[in-house]
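Novice: Quick one: the structure is below, questions incoming.
The values are calculated or read from the model by the stated rules, or taken from the named source; none is laboratory data. Note that the structure is predicted; figures quoted are calculated from it, not measured. Positions of Cβ are backbone-derived with ideal geometry, glycine not excepted, and every protein chain shown enters the neighbour counts. Remember, those area values only see protein heavy atoms, side chains included, never the ligands or the DNA or RNA. Shrake-Rupley method; radii C 1.70, N 1.55, O 1.52, S 1.80 Å.
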Amino acid sequence: MGKPVLKLTLPQLAFAVLFLFIFFSCVCSDEASKTFIFRVDSQSKPSVFPTHYHWYTSEFAEQTHILHVYNTVFHGFSAFLTPQQVASISNHPSVLAVFQDRRRQLHTTRSPQFLGLRNQRGLWSESDYGSDVIIGVFDTGVWPEHRSFSDLNLGPIPRRWKGACETGARFSPKNCNRKLIGARFFSKGHEAGAASGPLNPINDTVEFRSPRDADGHGTHTASTAAGRYAFQANMSGYASGIAKGVAPKARLAVYKVCWKNSGCFDSDILAAFDIAVSDGVDVISISIGGGDGIASPYYLDPIAIGSYGAVSRGVFVSSSAGNDGPSGMSVTNLAPWLTTVGAGTIDRDFPAQVVLGDGRKLSGVSLYAGAALSGKMYQLVYPGKSGILGDSLCMENSLDPNLVKGKIVVCDRGSSPRVAKGLVVKKAGGVGMILANGISNGEGLVGDAHLLPACAVGANEGDAIKKYISTSTNPTATLDFKGTILGIKPAPVIASFSARGPNGLNPQLLKPDLIAPGVNIIAAWTDAVGPTGLDSDTRRTEFNILSGTSMACPHVSGAAALLKSAHPDWSPAAIRSAMMTTATVLDNRNRIMTDEATGNSSTPYDFGAGHLNLGRALDPGLVYDITNNDYVNFLCGIGYGPKVIQVITRTPASCPVRKPSPENLNYPSFVAMFPVGSTGVASKTFIRTVTNVGSANAVYRVSVEAPASGVTVTVKPSRLVFSEAVKKRSYVVIVAGNTRNLKMGQSGAVFGSLTWTDGKHVVRSPIVVTQIDPL
C-alpha cells in the first residue's frame, strides 16, 4: 500500500509558500514581534464560551497580545506576536489562515454638476433625498467643526443607527450631530507597528489620538461624498463658488484608520469594516490601497475580505483604483464585489504660463496664491546639468544657494512631494520653481498650492525649457498665473495618474469599473495643517484642492448613497451595474475620452465602463445583479477551494462538481481571452442575466460594436421581452475571432461594446478581447 500524497490546489500552495516565507523571514531577520491577523473557524468555538472574545483570550491568552477581535465581516483576531508564537497558533486546528499586517497608503465645487446632477432636478429635487442613507468613510478622520458637516435643517438620525462618537484628543460626543452621526478611530495596529518599526508614534502635538483629522485627506473625502452646501467656498481665491458633496443630505460616519505620515494598517482597516457594518452604514468609501504595487490574492487581502463581508450584508463599497497610472496592470482593489474607481478631469482648470526670455509661452498649471512675479524676468537654472540625480529632483539639501539664489529653478518631478521641492528651492534662495514632468508622467498635470511662485509643466514643455537653458547664454523666464478657468474642453480626460487595467489577478474581470472626477477637486479641509500638508506650511484654508483616485472614489460613494435612497431594495451589485451601464465614454466634444498621458483616445482599460453619469444611473432600465452564491462560484472558478473561500466568506463553502467559468459572473462587462499561439478560430461564451427595473412591459433589442475586424459577437436571443410576470431574462454572448489574423492594439487588446435599448434606456457594456499565454 502506497504512502498517502498531500494534494494542494494552486491557491493553497501559494498560501503555504507565502506563510513559510513570512515565518522564516521573520525568524532569520530578527526575533522582533510583529502584528498578524488570524482567520478562525467561528463554528469551532466551544459552547462554554459566551463570545469569541472569551474563547480567544482563554485559548491564546498566554501567547498573545490581542489587538482586535473581529466578529461581523470576519471571524478572528489580530495580535502582536513573535515568529515562534505565530507558528504555534497557526498549528491550532481552528485557525484557517494567518497573514502579516501590512501598511497601506491613501490614494491621494463643480464636480457634482459634472456627474450629470443639476440643482432642483433629479435626485436633488426632493428635500430630504439621501438623508436616510449613512456613508462610512475610512480615512484620516474629520474636522467636525467645518461648515460642510453642519446639521442645519436635517431631520432625526435614522433609528437603525447603532454607532458611536468616540472620545479622544480634542474630540468628544459633542462633536457629532445629525450630519456627522458617528466617529471612531482605530490605532492598535498602527501603534503595534510603531513599536516594531520606523513609524511615527501618535503624538497629540502632530496627530490626534481621536477621530480628529490632522492630515486633511479624510475631511476632504468625507465632504466630497456628502458635504453640505457651503457658499463662497474657495481655496485662496481659486475655484470660487458653492462647494457641496454629491449627497449633501446623507449622514456621515467617520472611521479613522489612517494616520498622518504613517499610512493605514490592515488590522485596523479590517476592524473598521467589522464595526462599520455592525453600526449600520449603507455605503463604505475607502480611498486606500496597497503601497507595494503588488496585488494580493483575495484570501490574503483584508480589504477584499472586509469588503466581501460588507457587500454580503447589503453594504455598497466604493474603492479607489490607485495612482500608479499610466502603467498598464496598475489598478488595485480588484475584488469583483468592490466598485473600483479611476479618475478623470472636470471642465475646470487653473492654468499658468512659463514665459521664456525668447518670447515663448508654455502652458502649465498652478494653485499658487501669493505675491505674483508681475512679469519680471529672472534667470533660469536647471540643477540637473550637474548630472547628480538629487539635484535635478530638488531633494532636501541638494541645491547650492550660490547657484539658485534669486533665480527660477527647474525641478524634475518624482521621489519627493511636489510641494516639498518648492520648499527646498525657497530655502536655497530661489524666487520660483518650474516643476517638470518626466516621461512616466507625460502631460498629466495637477495643481498645487505652492509656497513660492511655481508652475507644473508636462514632459514636452519641460524638455523645451531645459533645451532653452542649455542653448541660451542668458536664459530667463517669468511665471504668469491665470486663476480659475471654466468650460475647459476636452473634459473629462483620463488622468495620467489613474491606475489602468488589465486586472493583474483575474484578467477575465475588467477593472477599473468606471471613472469619476478626481483632478483638482475642491472640498473641506482640516484646520490642523496648511494646504500643502507640510509641517512648515503655516497657512490655513477652509477648503483645499486635491487630485487622486482618492478624490474620485467618494464621488461614487455619494452617488451610491443617492441611488440607495431612491432604490432601497437594490443590492450593491445592482447599484454598481446602474452606474456602469449608464456611464459615458464621450467627452464634452462628443468624442471618445482622451488619455491625458498620451493624448490619444482612451480605452476600457483606462476608464472601465466609462465616466459616471448619475442622472442616467437613477433610471438604468436593466441591471446585472449578483448574489453571494454567484461570488462563491466565481471564487471556485478561479481555483479557490472551500477552505480558502471560507477565509473570505466566513461560512463554509462548497464548489459545484463542474467547475464554474469565472467569465460567467454576472458582471456588466465582458473580457474574452484567447490563447496566444493558437491557430484558426477561437471563441468564448458568456451567460448573463438582466433584471428589468424600468417599465414593467418593455422590449429590449441588442446592438453590437465589434471589437475589431475579424471578431464576431453573437447575442442570443437578440430581443428580450419583459412583463409584469417576467422581470429577469438571460442571454448568451459568443465572441469569436481568427486568432492568427487578430491584431491587438497597443494595450494588447481590442475593444467593443454590447448595448440593449428599449427606445428610452441605453444599457451598455464594454467588450474586451485579448490574448493570454496558456498555462
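Novice: Report, by residue number, each residue of region 718-743 that is part of a loop (DSSP other than H, G, I, E, B) and either in contact with a strand residue (DSSP E or B) (Cβ under 6 Å, 6 or more places away or on another chain) or open to solvent by 60 Å² or more (accessible area, probe 1.4 Å) (or both).
Specialist: S718, E724, A725, K727, T739, R740, N741, K743 - these are the residues of region 718-743 that are part of a loop (DSSP other than H, G, I, E, B) and either in contact with a strand residue (DSSP E or B) (Cβ under 6 Å, 6 or more places away or on another chain) or open to solvent by 60 Å² or more (accessible area, probe 1.4 Å) (or both).
Novice: On to the next question. For region 756-775, which residues satisfy the criterion of being open to solvent by 20 Å² or more (accessible area, probe 1.4 Å) and either closer than 23 Å to A696 by Cβ or out of contact with any Gly (no Cβ under 9 Å at 6 or more places or on another chain) (or both)?
Specialist: Passing the criteria: T757, D758, G759, K760, V762, R764, I772, L775.
Novice: Of everything in region 585-615, what is surrounded by fewer than 19 Cβ atoms within 10 Å (Cβ to Cβ) and β-branched (V, I, T)? Give them in sequence order.
Specialist: Within region 585-615, I592, T598 meet the criteria.
Novice: Let me ask something else about it. Within region 368-378, can one find any residue that is more than 30 Å from G608 (Cα to Cα), at pLDDT 95 or above and outside any loop (DSSP other than H, G, I, E, B)?
Specialist: The answer is yes; a qualifying residue exists.
Novice: Would you pick out the residues in region 266-302 that are part of a loop (DSSP other than H, G, I, E, B) and either of a type in the set (K, R) or farther than 15 Å from F138 by Cα (or both)?
Specialist: Result: G291, D292, G293, I294, A295, S296, P297, D301.
Novice: Which residue pairs have Cβ atoms under 6 Å apart, sit 6 or more places apart or on different chains, and have a first residue in region 303-319 that is in a loop (DSSP other than H, G, I, E, B) and a second that is open to solvent by 10 Å² or more (accessible area, probe 1.4 Å)?
Specialist: Between residues of region 303-319 that are in a loop (DSSP other than H, G, I, E, B) and residues that are open to solvent by 10 Å² or more (accessible area, probe 1.4 Å), the close pairs are S312/N628; R313/V277; V315/V277.
Novice: Return the residues of region 566-582 that are within 23 Å of the chain's Cα centre (by Cα) and open to solvent by 10 Å² or more (accessible area, probe 1.4 Å); say none if nothing qualifies.
Specialist: W570, S571, P572
Novice: Hey, another quick one. Hey, can you tell me all the residues within region 406-425 that are at pLDDT 95 or above and not hydrophobic (A, V, I, L, M, F, W, C)?
Specialist: Residues satisfying the conditions are G406, K407.
Novice: Answer yes if at least one residue in region 236-243 is aromatic (F, W, Y), open to solvent by 40 Å² or more (accessible area, probe 1.4 Å), at pLDDT below 90 and assigned by the TED database to the domain that holds C553, and no otherwise.
Specialist: no
Novice: Please list, ordered by first then second residue, the pairs with beta carbon atoms under 6 Å, 6 or more apart or interchain, first in region 207-226 and surrounded by fewer than 24 Cβ atoms within 10 Å (Cβ to Cβ), second of a type in the set (F, W, Y) and not in a loop (DSSP other than H, G, I, E, B).
Specialist: Pairs that qualify, where the first residue is surrounded by fewer than 24 Cβ atoms within 10 Å (Cβ to Cβ) and the partner is of a type in the set (F, W, Y) and not in a loop (DSSP other than H, G, I, E, B), are S210/F171; S210/F185.
Novice: For residues that are more than 25 Å from the chain's Cα centre (by Cα) and among the small types (G, A, S), scanning just region 606-643, find the one that is nearest to P336 (Cα to Cα).
Specialist: Residue satisfying both the conditions and the ranking: G637.
Novice: Please find, within region 310-334, the residue that is nearest to H555 (Cα to Cα) out of those that are surrounded by fewer than 24 Cβ atoms within 10 Å (Cβ to Cβ) and among the small types (G, A, S).
Specialist: G314
Novice: Let me ask another. State the number of residues belonging to region 512-557 that are part of a strand (DSSP E or B) and within 30 Å of W337 (Cβ to Cβ).
Specialist: Going through region 512-557 one residue at a time, the tally reaches 8.
Novice: Considering only residues that are in a strand (DSSP E or B) and under 30 Å from F670 (Cβ atoms), look in region 453-511 and name the one that is least open to solvent (accessible area, probe 1.4 Å).
Specialist: Among those that are in a strand (DSSP E or B) and under 30 Å from F670 (Cβ atoms), it is I494.
Novice: Does L403 meet the test of being assigned to a helix (DSSP H, G or I) and open to solvent by 10 Å² or more (accessible area, probe 1.4 Å)?
Specialist: yes
Novice: Restricting the first residue to region 70-97 and requiring it to be open to solvent by 10 Å² or more (accessible area, probe 1.4 Å), which pairs with a second residue that is in a loop (DSSP other than H, G, I, E, B) and of a type in the set (A, V, I, L, M, F, W, C) meet a Cβ separation below 8 Å and a spacing of at least six or different chains?
Specialist: Listed pairs, sorted by first residue: T82/A32.
Novice: Suppose we filter region 348-364 for residues that are surrounded by fewer than 20 Cβ atoms within 10 Å (Cβ to Cβ) and assigned to a loop (DSSP other than H, G, I, E, B); how many remain?
Specialist: 4
Novice: Condition first: farther than 21 Å from A310 by Cα and either in contact with a His (Cβ under 9 Å, 6 or more places away or on another chain) or hydrophobic (A, V, I, L, M, F, W, C) (or both). Now tell me which residues in region 640-678 satisfy that.
Specialist: Listed by number, the residues that qualify are C655, V657, F670, V671, A672, M673, F674, V676.
Novice: Still on this structure: Taking region 427-451 as the region of interest, how many residues are farther than 16 Å from Y382 by Cβ, over 26 Å from the mean Cα position of the chain (by Cα) and surrounded by 21 or more Cβ atoms within 10 Å (Cβ to Cβ)?
Specialist: Residues meeting the conditions: 1.
Novice: Just a yes or no: is a residue in region 683-702 open to solvent by 70 Å² or more (accessible area, probe 1.4 Å) and in contact with a Leu (Cβ under 7 Å, 6 or more places away or on another chain)?
Specialist: No, region 683-702 contains no residue that is open to solvent by 70 Å² or more (accessible area, probe 1.4 Å) and in contact with a Leu (Cβ under 7 Å, 6 or more places away or on another chain).
Novice: Could you look through region 139-165, keep only residues that are open to solvent by less than 40 Å² (accessible area, probe 1.4 Å) and among the acidic types (D, E), and pick out the one that is nearest to H107 (Cα to Cα)?
Specialist: D139
Novice: Restricting to region 260-275, what's the tally of residues that are open to solvent by less than 10 Å² (accessible area, probe 1.4 Å) and among the aromatic types (F, W, Y)?
Specialist: Qualifying residue count, region 260-275: 1.
Novice: All but one of (1) surrounded by 14 or more Cβ atoms within 10 Å (Cβ to Cβ); (2) under 23 Å from F751 (Cβ atoms) hold for G639; state the number of the condition that does not hold.
Specialist: Of the numbered conditions (1) surrounded by 14 or more Cβ atoms within 10 Å (Cβ to Cβ); (2) under 23 Å from F751 (Cβ atoms), the odd one out for G639 is (2).
Novice: Still on this structure, please answer the following. Taking region 253-266 only, how many residues are modelled with pLDDT of 95 or more and either small (G, A, S) or more than 19 Å from the chain's Cα centre (by Cα) (or both)?
Specialist: 1
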